Amino acid sequence: LAVKDPTAVERANLLNMAKLSIKGLIESALSFGRTLDSDYPPLQQFFVVMEHCLKHGLKVRKSFLSYNKTIWGPLELVEKLYPEAEEIAASVRDLPGLKTPLGRARAWLRLALMQKKMADYLRCLIIQRDLLSEFYEYHALMMEEEGAVIVGLLVGLNVIDANLCVKGEDLDSQVGVIDFSVYLKSDDDIGGKERNVQIAAILDQKNYVEELNRQLNSTVSSLHARVDSLEKSNTKLIEELAIAKNNIIKLQEENHQLRSENTLILMKTQHHLEVSKVDVEAELQTYKHSRQGLDEMYTEARRQLREEAQLRQDMENELVVQVSMKHEIELAMKLLEKDIHEKQDTLIGLRQQLDEVKAINVEMYQKLQVSEDAMKEKNEIISRLEDKTNQINATMKQLEQRLQQAEKAQMEAEAEDEKLKQEYVNKSESLQNEFSQKEKQLLQLETDLKIEKEWRQTLEDDLQKEKETVSHLRTETQEIVNLKKEFLKLQEKNKQLKSICEDQEAALQELASKLSE
């Protein structure tokens, strides 16, 4: 005879006990009412069986004073593998009455049952066998196929609604002993086959509805993720629009500065030209006055010479009188010499003034060169502004492409939503047909359908919100189009400024030619 492995026998016995306890708990809960308290005996036996299943094959760990063997270690790993289990672990650690790791593990099992996620948490543990090998032996129930079977059986417990008070219960000192008398068959069990068949059908329908709810939850989460991505893209587009607006404002400020500089340069040049014109006119007037004075003196000198010639002819006849007159003529000649010297001094002053006028003309020519250099710099600044405008055009094109991509993604999301609506309508009609036949037996399932209708309303609200976001995006695209129009207007203004600058350059060249003349 082949000798059986004792660990395999233990695993098989624990698996059978788990089947019996889960089956008895579901049947008794459906007959008694699906909301159970902590004092319900089948529920207590279920927790005892689960403790034995989790303790099977545990490695003995050395502590500071003695050897320790608890199931709190592997259950604490669920917090790292399944993020939703962080709330259970935190609430178990915060319970004031628990002192031992075994008490924390019992509280954790009760909270997981109330959340209807015990099967999900234990499935995450079974998948990560590398981590479980630190706590269990290789022949343990959680390391073999029996653990996966128990996790599959635990899915059926989602039918039960447990209302357990963990805070005031003494979980540290409870003794986990399995009561086998509960699982022995009686004559009443044979007569309840029909009732078991009905219960199985109800459970199948309940599981079907719960799977639908899970699928809807997954679709809702995916829709929320898409909405978040759309919001992020919207924020990026808004930031880029703000940057483009800031760039346009900066360009406008630079245009205003250039205009003000142009006006200042024009005012300065006009002022210098007016001053130089006034100086030249004053010098011309002084020159004319001095020339007129010299002409008058020359005419007077010629007239005096004629008179002296006549007097000389007269004086030749009268020598005595001429001697006296000769002294007077010598004095007049000395005065004439003084006048001639003064006229020479005035001619020297006029030459100096002419030199100063030439120097002023040279300074004006240099200023014209400086103004030409300033105009060249302005042309370079205008070319830079054109480069910036080209960059802004490129960024606007990129923004349009991103908006098109967002609209495509939105159309796909709407198509998927319509498909989901059609599937949900078909499924709801089939469910209503089935529930109409069994209204008396499925009053509580109608409440679940009401909950699903509420979920449907929330989904419709989410769809309306998405439509609102789409309308908001459309308004933003219209704003972008308006910004394009404003940008084109700015380009036209820039061209006008260029033409004005060219006209000013031509005027300056004409002034320079006149000044050079």
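Observations on the model:
- Qualifying positions in segment 439-464 - open to solvent by less than 100 Å² (accessible area, probe 1.4 Å) and either of a type in the set (Phe, Trp, Tyr) or under 33 Å from the mean Cα position of the chain (by Cα) (or both): 456, 458, 459, 460, 461, 462, 463
- Filter pass, residue 372 being over 20 Å from residue 517 (Cα atoms), out of contact with any strand residue (DSSP E or B) (no Cβ under 9 Å at 6 or more places or on another chain) and either of a type in the set (S, T, N, Q) or at pLDDT 80 or above (or both): no
- Of the helices (runs of 4 or more DSSP H) entirely within segment 100-184, those holding at least 1 residues that are within 18 Å of residue 37 (Cβ to Cβ), open to solvent by 20 Å² or more (accessible area, probe 1.4 Å) and touching a strand residue (DSSP E or B) at 6+ places or on another chain (Cβ under 6 Å) occupy 101-115.
- Some residue of segment 480-488 being of a type in the set (A, V, I, L, M), surrounded by 12 or more Cβ atoms within 10 Å (Cβ to Cβ), within 22 Å of the chain's Cα centre (by Cα) and within 26 Å of residue 216 (Cβ to Cβ): no
- Scan segment 88-115 for residues that are out of contact with any Phe, Trp or Tyr (no Cβ under 7 Å at 6 or more places or on another chain) and either among the β-branched types (Val, Ile, Thr) or over 20 Å from residue 169 (Cβ atoms) (or both) and the total you get is 1.
- Flag for residue 415 being in contact (Cβ under 8 Å) with a residue 60 or more places away in the chain and assigned to a helix (DSSP H, G or I): no
- Of all residues making up segment 388-424, the number that are more than 23 Å from the chain's Cα centre (by Cα) and closer than 29 Å to residue 252 by Cβ: 3
- So residue 311, is it farther than 30 Å from residue 515 by Cα and open to solvent by 80 Å² or more (accessible area, probe 1.4 Å): no
- Sole residue being open to solvent by 30 Å² or more (accessible area, probe 1.4 Å) and either assigned to a helix (DSSP H, G or I) or touching a strand residue (DSSP E or B) at 6+ places or on another chain (Cβ under 6 Å) (or both), chosen from 21, 31: 31
The values are calculated or read from the model by the stated rules, or taken from the named source; none is laboratory data. Please read these numbers as outputs of a predicted model, since none were measured by experiment. Note: ideal-geometry Cβ built from the backbone for every residue, glycine included; neighbour counts use all protein chains shown. Only protein heavy atoms, including side chains, enter the accessible area calculation; ligands, DNA and RNA are left aside. Shrake-Rupley method; radii C 1.70, N 1.55, O 1.52, S 1.80 Å.
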